[in-house]
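> The structure that follows is given in the form of structure tokens.
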Amino acid sequence: FIAAPATIRVSPARGTAEQVERKTARAGETRIQRCKMAQILLALAVLYLPFASFVSAFVPAMQQWNPGIPESSLIPMASAAEEGDGNGTGTDSTQQHPSEVMAAGPKADSSSTTTRRRRSSASSLGRRRPAKSTSAAGRRRTPAPAPGQYAVATKRAPHQFDHTKDKARPFVDGKTEIADQKCNEDAPVFPLPEGAAPGQNGDVISHEHIQSISLDELFPRLSFSDIFASSTDFRAALRAAMREDIFDTTPAYAKMSEKARKMLLLPDSSLQGSWKCKDGRWESKGSADLETDIHRMKKLTQVLSKYLGDGAPTGDDFCDTIGLLCGSNPSTHWIDIVGVQDRRIPHSWHQDTGRSPNSDTKTVLLGFPPEDDHDSVGVFSHCVKLERERIALDDHPMSEPIVYPNMEIDEKYIIRPNFRKGRELICYRDVDVLHSSPDVAWRASVMRFM
């Protein structure tokens, strides 16, 4: 920083003694200024060295001691990882450490995470990082998790901190669960609380609340009950043909695509329509033969003939015969109900209509058990017998059920109708009972005729 002495060359021909003196004075002043600047810079350097040493020792100590930050926050997302991911999958039975659970997520690359942290620490001493853009163009695409692994959610809804899906409604083995359940056919009548739901009381019920019926009673000399109870193939073929025939002749489904048709006819989905064949409001499509157009349930007729042989009813006769059990003024509504499988659910007590026109209109259930020679509960709806008829108000819509919300009923009042050979159907008046889906269903389906 110290400048070398200036050498001034003056040509005797071009300058006088006075000019030489002025130039010499200016050169001396410049040299003095440079010396002062060098001294100032040297003093600053001497002061900076101990300050830098103090900072290098003080900052790490401050990073290690911070009473305002809880120790648990040093492992972000640990609690969320233990709770499970956003899909309710939870941790597996090996009870992984939170750090191992985090490794299942899309940000599990430890090397890249460490690098990002180091860069953040170094840059925080110098300058503040600009906020990340929230636009789609500024985001980095998160890599997909490896096969068999699930991403750990970074944000969770409030209820997800309480439990995961499998804990809220855990999977159960239906067959095992129903093994300890009793039919309880002789249950006492339930004292319905006042104001439990809109409606009015009718007469005291003196007849049987729930009746069981056999397929052999409806179609004698065919061993219908025996074949139905012992052949999974027959039950599956009968159910599939019946669903297909009703779908293909219901006007509401006529304009649906073939893809939609296949989805609605999957065996694990529910389907509804009308059971009435003779004089019913159904339409046959794709046939110009008037002889065959008078029969609705063509595929069902073929299945019954194949398994029951000569004398088997036609598909139309099968549906209409069961439908006659609904009484003198039925709605003709039919639905094939699958319901919730492999889960325990709370009862939801209700009436479908709260009416029984002409006092003889009933609901009929045809059960489809999950296995051959089934003799247990879990197929039919559960019921509670009422002491008096419970009738809907006059202005209550026919198409809406009467729901009894949050009503807990003691087990001693709950009837779980048994399915076995010779008891393939049950029927009841909707004003005589409250009913609900089974708390544990163990069935292929149940068909309801109204």
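The values are calculated or read from the model by the stated rules, or taken from the named source; none is laboratory data. Just so we're clear, the structure is a prediction, and the values are computed from it rather than from any experiment. Here the Cβ positions follow ideal geometry from the backbone for every residue, glycine too, while neighbour counts run over all protein chains shown. For the accessible areas, the whole protein counts, side chains as well, though only heavy atoms, and no ligand, DNA or RNA atoms are used. Shrake-Rupley method; radii C 1.70, N 1.55, O 1.52, S 1.80 Å.
> Do we have any residue at all in the range 378-400 that's open to solvent by 10 Å² or more (accessible area, probe 1.4 Å), more than 30 Å from Thr176 (Cα to Cα) and under 26 Å from the mean Cα position of the chain (by Cα)?
Yes: the range 378-400 contains one or more residues that are open to solvent by 10 Å² or more (accessible area, probe 1.4 Å), more than 30 Å from Thr176 (Cα to Cα) and under 26 Å from the mean Cα position of the chain (by Cα).
> In the range 173-188, which residues are assigned to a loop (DSSP other than H, G, I, E, B) and either more than 25 Å from Arg390 (Cβ to Cβ) or open to solvent by 60 Å² or more (accessible area, probe 1.4 Å) (or both)?
Asp173, Ala179, Asp180, Gln181, Lys182, Glu185, Asp186, Pro188
> Here's another thing I want to ask about it. Give me a count of the residues in the range 348-373 that are out of contact with any Cys (no Cβ under 8 Å at 6 or more places or on another chain) and either open to solvent by less than 10 Å² (accessible area, probe 1.4 Å) or acidic (Asp, Glu) (or both).
Selection size over the range 348-373: 12.
> Same structure, new question: On the given criteria, is Thr164 at pLDDT below 95, open to solvent by less than 30 Å² (accessible area, probe 1.4 Å), more than 30 Å from Thr321 (Cβ to Cβ) and among the β-branched types (Val, Ile, Thr)?
yes
> Could you tell me how many of the residues in the range 330-360 are under 26 Å from Arg388 (Cα atoms), modelled with pLDDT under 95 and in contact with a helix residue (DSSP H, G or I) (Cβ under 7 Å, 6 or more places away or on another chain)?
Of the residues in the range 330-360, 0 are under 26 Å from Arg388 (Cα atoms), modelled with pLDDT under 95 and in contact with a helix residue (DSSP H, G or I) (Cβ under 7 Å, 6 or more places away or on another chain).
> From the list Leu192, Leu266, exactly one residue is open to solvent by less than 50 Å² (accessible area, probe 1.4 Å) and in a loop (DSSP other than H, G, I, E, B). Which is it?
Leu192
> Could you identify the single residue in Phe228, Phe247 that is open to solvent by less than 20 Å² (accessible area, probe 1.4 Å) and either without any contact (Cβ under 8 Å) to a residue 40 or more places away in the chain or not in a helix (DSSP H, G or I) (or both)?
Exactly one residue qualifies, and that residue is Phe247.
> Glu217 - would you say it is open to solvent by 20 Å² or more (accessible area, probe 1.4 Å), under 30 Å from Asp310 (Cα atoms) and touching a residue at least 12 places away in the same chain (Cβ under 8 Å)?
For Glu217, the condition - open to solvent by 20 Å² or more (accessible area, probe 1.4 Å), under 30 Å from Asp310 (Cα atoms) and touching a residue at least 12 places away in the same chain (Cβ under 8 Å) - is not met.
> Can you pull out every residue in the range 195-214 that is surrounded by 11 or more Cβ atoms within 10 Å (Cβ to Cβ) and closer than 20 Å to Asp394 by Cα?
Within the range 195-214, Ala196, Ala197, Pro198, Gly199, Gln200, Asn201, Gly202 qualify.
> Just the residues that are acidic (Asp, Glu) and surrounded by 20 or more Cβ atoms within 10 Å (Cβ to Cβ), please, taken from the range 321-347.
Asp336
> Within the range 405-424, is even one residue farther than 22 Å from Phe449 by Cα and open to solvent by less than 10 Å² (accessible area, probe 1.4 Å)?
Yes, that holds for at least one residue.
> Let me ask something else about it. Which pairs do you get when a residue that is more than 11 Å from Phe449 (Cβ to Cβ), found in the range 312-338, comes within reach of a residue that is open to solvent by less than 30 Å² (accessible area, probe 1.4 Å) and among the small types (Gly, Ala, Ser), reach meaning Cβ atoms under 8 angstrom, with the pair 6+ apart or on two chains?
Listed pairs, sorted by first residue: Gly315/Ala241; Ile337/Ser445; Val338/Ser269; Val338/Ser445.
> Would you check which residues across the range 434-443 are assigned to a loop (DSSP other than H, G, I, E, B) and buried (at least 21 other Cβ atoms within 10 Å of the Cβ) and list them?
Correct list: Pro438, Val440, Ala441, Trp442, Arg443.
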